[in-house]
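Following: one structure in structure tokens, then a few remarks.
The values are calculated or read from the model by the stated rules, or taken from the named source; none is laboratory data. Source: prediction; values computed, not measured. Cβ placement follows ideal geometry from the backbone for every residue including glycine, while neighbour counts extend to all protein chains displayed.
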Amino acid sequence: MAHFALLRQRIKVIQSIRKTTSAMRLIAMSLQSRLRKQQRIITAYNEGIVYVQKTYTVPGTSVVTEALQPHKTTIILVGSRKGLCGTFNEQLFNLFGREYVYNPDNQIICVGTYAVNHIRSLQYPITHAFSELSITTFTQIAHAITQLLINTSITHIMVYSQHPRTLFIQQPEVTSLTSTPPLPNHDPIITTINRLQLQSSLLRILYNSLLAEQSARFLSMNSATQDAEELLAHTKLEYNKVRQAYVTHELIELTSAFAKTK
């Protein structure tokens, strides 16, 4: 009887888990669909900035002189804001651990809660942190990081992030960027173009990371839902067997008691 009640409780728990994972799967697919609708806009924006930069910049000129080149590097690590996205963060942090050698002269910018927590676990100092990375904040974060970078000395930038190879396959990557601050007596149009080019690059990287994150979460929740359905089917089968055995036992006892009265 106790085993019978335990199985009934387990079925309720599994059904609740299945509903939760199924709902999260649908949310991830919905967010991914919303992001893909913005893909054409972001692509057109990036292509437009590149076109303007190539058109306006005079070939053979360089905004940055060799004497101004610093040895400082800005590291940007882009993780997820939430969990339950499979190996999304694990793959990214493995790449970061293999590729990055800590340098106290570098500044580290973290984007996403999991990136912040990972850098803190390594006990690296964080220069700036943007924990709330989402579909509604990634444009503001790209703008904020751009402002931080152009207000500092010329800095080489290394961005560690996830990139969607296909619809449901993610691959961590390292992107190299260059930040060029405003220089004295320099054409303000070129300065604006350089700033927009950096911002558009960061915007594309954050967008790709979000797209990869939602794809990873969909796959993870889809797999969890399928596992819950299989476990539920197995548990229900066991429950029915136990219930049938219990009913059979009760019938045998009733039949025996009736036979004794005869």
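Before moving on, here are some points about what is shown:
- Condition met for residue 113 (in contact (Cβ under 8 Å) with a residue 12 or more places away in the chain and either farther than 30 Å from residue 225 by Cβ or in contact with a helix residue (DSSP H, G or I) (Cβ under 8 Å, 6 or more places away or on another chain) (or both)): no
- Pair list, Cβ under 6 Å, 6 or more apart: segment 32-51 residue farther than 21 Å from residue 215 by Cβ and modelled with pLDDT under 90, other residue exposed (fewer than 13 other Cβ atoms within 10 Å of the Cβ) and of a type outside the set (A, V, I, L, M): none
- Test for residue 202: is it crowded, with 18+ Cβ neighbours inside 10 Å and either more than 19 Å from residue 94 (Cα to Cα) or of a type in the set (Val, Ile, Thr) (or both): yes
- Scanning segment 165-217 for residues that are of a type in the set (A, V, I, L, M, F, W, C), under 21 Å from residue 51 (Cα atoms) and at pLDDT 95 or above yields a total of 3.
- Of the criteria (1) out of contact with any His (no Cβ under 6 Å at 6 or more places or on another chain); (2) free of Cβ contacts under 8 Å to residues at least 60 places away in the same chain, which one residue 179 fails: (2)
- Condition met for residue 5 (farther than 30 Å from residue 196 by Cβ, within 19 Å of the chain's Cα centre (by Cα) and of a type in the set (Gly, Ala, Ser)): no
- Screening segment 95-122 for residues that are small (Gly, Ala, Ser) and surrounded by 18 or more Cβ atoms within 10 Å (Cβ to Cβ) and picking the one that is nearest to residue 73 (Cα to Cα) gives 115.
- So residue 237, is it among the hydrophobic types (A, V, I, L, M, F, W, C), loosely packed, with under 11 Cβ neighbours inside 10 Å, modelled with pLDDT of 80 or more and out of contact with any helix residue (DSSP H, G or I) (no Cβ under 8 Å at 6 or more places or on another chain): yes
- Scanning segment 70-93 for residues that are touching a residue at least 40 places away in the same chain (Cβ under 8 Å), outside any loop (DSSP other than H, G, I, E, B) and either over 20 Å from residue 211 (Cα atoms) or in contact with a Leu (Cβ under 9 Å, 6 or more places away or on another chain) (or both) returns 73, 74, 75, 76, 77, 78, 92.
- A search for C-beta distances below 6 Å between a residue of segment 159-176 that is within 22 Å of residue 108 (Cβ to Cβ) and any residue that is part of a strand (DSSP E or B) and among the hydroxyl-bearing types (Ser, Thr, Tyr), counting only pairs 6+ apart in sequence or on different chains, returns 159/175; 174/160.
- The residue that is farthest from the chain's Cα centre (by Cα), counting only those in segment 89-118 that are within 17 Å of residue 206 (Cβ to Cβ) and of a type in the set (Val, Ile, Thr), is 108.
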